[in-house]
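The block underneath contains the structure these notes are about, expressed in structure tokens.
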Amino acid sequence: MIKMISRWIAASATVLLACTSAIAQPYPNKPVKMVVGFVPGGAPDFLARVLSTKLSESLGQAFVVENKPGAGGSLSTAFVAKAPADGYTLLLAETATLMLAPHLFKGAPADTLKDFVAVGSMTTDPPLLVSNAKTSIKTLQDLIRQAKANPGKISYGSSGIGSIHHIAMEAFRVGAGLDIAHIPYKGSGQSILAVLSGDVPIIITAFTAAGPHILSGAINLLAVGTGQRLASHPDVPSLSEVVKDYDYSATFGVLAPAGTPPDIVAKLSRAMKQAAETPDFIDKFKAQASVIKWTSPDEYRDFLRENQKKYDRAAKLANLQPN
């Protein structure tokens with residue numbers, strides 16, 4: 001009996017020691033996945049790669065970007081929502097991806113406010129309304145004037161149904177009282193090719209897709225989909241000058257599965273803040289017309305809650321139907 005008790009105590013001590021050792025290991029002690037719901041080359045992928053490099057430097061472990069495109073980003077949210085809540089699988093996503101899933105898919109794979117814990121936002125990107133340089137639409141006022149004179153005759157392209165660009169343009173179209181048809185493409189890459197080839201006269205897209213073609217003169221920058229004019233482009237009007245309280249800036253942030261320990265979330269948040277303050281990080285995103293917008297976990301959570309109602313309204317304007 002005494003021997004059995006001694007063995008039980010020894011076994012318990014071994015298990016306790018192993019658990020204590022595991023708990024004591026500092027985070028991170030192995031590579032961390034940064035999951036993105038879109039293909040390489042777009043704005044979320046660009047941010048994920050630049051941010052992952054910075055986090056790797058400051059936290060001493062590899063942060064590896066993993067692209068899981070499909071279903072408007074919902075495949076990535078479902079994957080991360082089901083991952084262990086240990087800080088080793090993170091989601092980098094844009095607000096529309098997080099907010100619009102219930103309006104696009106029956107039985108949405110993840111509930112942003114229940115299945116995730118907010119780590120923090122990092123940047124906001126302005127949607128850009130652009131036109132093919134060979135069209136007669138050279139300015140925002142040209143577009144408004146021609147659309148009102150020819151209802152239903154002008155079409156615009158976006159990066160897909162339920163994308164931030166689709167939602168941004170529908171909110172503008174309804175607010176400005178315009179009858180413009182929507183042609184969805186599979187991503188910003190396809191939509192930019194469509195406007196360059198003349199398949200559509202205008203598109204709304206990201207700077208990462210449109211920037212080089214604006215500089216080359218192949219497309220005209222008509223307006224930005226932000227709440228005010230950009231400091232980098234003060235002569236370009238904001239759509240908020242036509243539609244009151246308009247702002248569909250694309251805000252990108254990092255989330256972790258619900259239940260992730262607060263100390264891990266806090267450590268990631270501090271490292272993200274440090275990255276957001278480094279000159280080379282700032283310069284990379286300034287060149288993309290992005291605005292650095294680091295927020296704390298609490299601030300980002302509140303931002304997501306506040307924006308849920310906004311995107312619910314926008315989904316109704318765009319007549320999104322779950323399938």
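No lab work stands behind these numbers, since they all come straight from the coordinates. Computed from a predicted structure; not experimentally measured. Cβ coordinates were reconstructed from backbone atoms using ideal geometry, including for glycine residues, and neighbour counts include every protein chain displayed.
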Handout entry: Karplus-derived 3J(HN,Hα), 6.51/-1.76/1.60, for each residue of the range 304-318, Hz, glycine and proline x
Key = 5, 4, 5, 7, 4, 5, 4, 6, 4, 5, 5, 5, 5, 4, 7
Handout entry: GNM top mover of V35, V174, V195 - the chain, alpha-carbon springs below 10 Å
Key = V174
Handout entry: Selected from A81, A206, A287 as most flexible by GNM, with the chain as the system and alpha-carbon contacts under 10 Å
Key = A287
Completion exercise
One finds, for V64 and A258 with R0 = 22 angstrom and r their Cβ-Cβ distance, a FRET efficiency to the nearest 0.05 of 0.50
Practice task
Using θ = phi - 60° and the Karplus relation 6.51 cos²θ - 1.76 cosθ + 1.60, list the HN-Hα couplings for the range 53-61 in order, rounded to whole Hz, with x at every Gly or Pro.
Solution key: 4, 5, 5, 4, 5, 7, 9, x, 9
Exercise for the section: Return the single residue from D283, D115, D86 with maximal mean-square fluctuation; model: Gaussian network over the chain, springs between Cα atoms under 10 Å. Expected result: D283
Completion exercise
Here FRET efficiency (C-beta to C-beta, S155 to L75, R₀ 41 Å, nearest 0.05) is 0.90
Exercise for the section: Sort R49, R305 so that the residue with the fewest other Cβ atoms within 10 Å of its own Cβ comes first and the one with the most comes last. Expected result: R305, R49
Problem - Residue pairs, from the table K54/K82; K267/K310; K54/K286; K138/K186; K106/K309, whose Cα atoms sit over 21 Å apart - result: K54/K82; K267/K310; K138/K186
Exercise for the section: Would you kindly state how much longer the chain becomes between R145 and A85 on full extension, computed as 0.36 nm times their sequence separation minus their alpha carbon distance, in nm to one decimal? Expected result: 16.3 nm
Problem - Other-chain or far-sequence residues with amide H under 5 Å of V64's (modelled H) - result: V32, K33, M34
Practice task
Mark the label point 7 Å from the Cα of V174 along Cα→Cβ and return the residues of the range 306-323 whose backbone N is within less than 14 Å of it.
Solution key: 309-321
Completion exercise
Using alpha-carbon positions, the gyration tensor of the range 128-241 gives root eigenvalues a ≥ b ≥ c; with a/c under 1.5 called rounded, otherwise prolate if a/b exceeds b/c, else oblate, the class is rounded
Exercise for the section: Take every DSSP beta bridge with both residues inside the chain and express the antiparallel ones as a percent of the total, to the nearest 5. Expected result: 60 percent
Fill in the blank from the handout: Taking alpha-carbon centroids only, the range 52-99 lies from the range 248-323 a number of Å equal to 12 Å
Exercise for the section: Using the number of other C-beta atoms within 10 angstrom as an exposure proxy, rank S296, S188, S197 with the fewest first. Expected result: S197, S296, S188
Exercise for the section: May I ask you to derive the relative contact order of the chain, considering only C-alpha pairs under 8 Å and at least 6 residues apart, and to give it as an integer percent? Expected result: 25 percent
Completion exercise
Ranked on Cβ counts within 10 Å of their own Cβ, fewest leading, I137, I144, I203 go I144, I137, I203
